[in-house]
Amino acid sequence: MPNYVRWREDGATYFFTVVAQGRRRLFDNEAARKILRRAFVEVRQRWAFDMFACVLLPDHLHCVWALPPGDDDFPLRWANIKRRFTQGYLSSGGTALPVTDSRRRHNERGVWQPRYWEHRVRDENEMYAYRDYIHLNPVKHGYVRDPLDWPWSSVHRHLQLGWLDRDWTAWTPITTYVVGE
């Protein structure tokens, strides 16, 4: 197995894609969404980060985080979010998919894919491109025609705060360097 090295930088901003095991539609369920929200809140209380943008789809999520100055430990945060969600989800009656012997030896459950995809955001233009990608993702996957129709997206917060115009999709260029699914 290759030795995967993540690019970590103190106080940096990152784009993430995190996927449910087997692309299972965990987040169609309101109880699962609440458990995930609680996991995020608890982890952010202990290990701060700013979540600039986020979208939750039935089987995966995308988000952009900015870490505090002097802190590069996003793996710790993701491990705890995934662990807290898994514990809450399974204790509420959710089920795990089968896992390999290797994952079982590491006490991993079949709720999340074992890894996640991250990209360090290099500049403000890239950050806004990822933000737009995140907000357009429900349209890309065919869940809605208008990003504003998707309730589990930070697009609503961005509009409320004046960070986006109501017609932002008419003039927002989406560049090809945004990947992660």
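One residue stands out among those in region 20-55 that are among the small types (Gly, Ala, Ser) and part of a helix (DSSP H, G or I): the one that is nearest to Ala79 (Cα to Cα), which is Ala39.
Can you go through Val178, Val99 and tell me which one is modelled with pLDDT under 95, closer than 22 Å to Thr13 by Cβ and not in a helix (DSSP H, G or I)? Full working, then the answer.
Numbers: Val99 fails: closer than 22 Å to Thr13 by Cβ.
On inspection, the qualifying residue turns out to be Val178.
The residues of region 9-24 that are charged (D, E, K, R) and either touching a residue at least 60 places away in the same chain (Cβ under 8 Å) or open to solvent by less than 30 Å² (accessible area, probe 1.4 Å) (or both), listed by number, are Glu9, Asp10, Arg24. Filtered by the rule that a residue be under 17 Å from Glu9 (Cα atoms), open to solvent by less than 10 Å² (accessible area, probe 1.4 Å) and assigned to a helix (DSSP H, G or I), region 56-89 gives Phe74, Arg77, Trp78. Inspection of region 104-123 identifies at least one residue that is free of Cβ contacts under 8 Å to residues at least 40 places away in the same chain, under 22 Å from Arg38 (Cβ atoms) and among the acidic types (Asp, Glu). Taking the criterion of being β-branched (Val, Ile, Thr) and more than 12 Å from the chain's Cα centre (by Cα), the residues of region 5-50 that qualify are Val5, Thr13, Ile35, Val41, Val43. Within region 138-156, being modelled with pLDDT under 95 and either within 16 Å of Phe16 (Cβ to Cβ) or small (Gly, Ala, Ser) (or both) holds for one residue alone: Gly142.
Evaluation of Leu159 against the conditions (1) aliphatic (A, V, I, L, M); (2) out of contact with any helix residue (DSSP H, G or I) (no Cβ under 7 Å at 6 or more places or on another chain); (3) modelled with pLDDT under 90 shows that the sole unmet condition is (3).
The values are calculated or read from the model by the stated rules, or taken from the named source; none is laboratory data. Predicted model only: the values in this text are computed from it and were never measured. Using ideal geometry, Cβ is built from the backbone for each residue, glycine included, and neighbour counts are taken over all protein chains shown. Heads up: the accessible areas ignore ligands, DNA and RNA and are worked out on the full protein's heavy atoms, side chains in. Shrake-Rupley method; radii C 1.70, N 1.55, O 1.52, S 1.80 Å.
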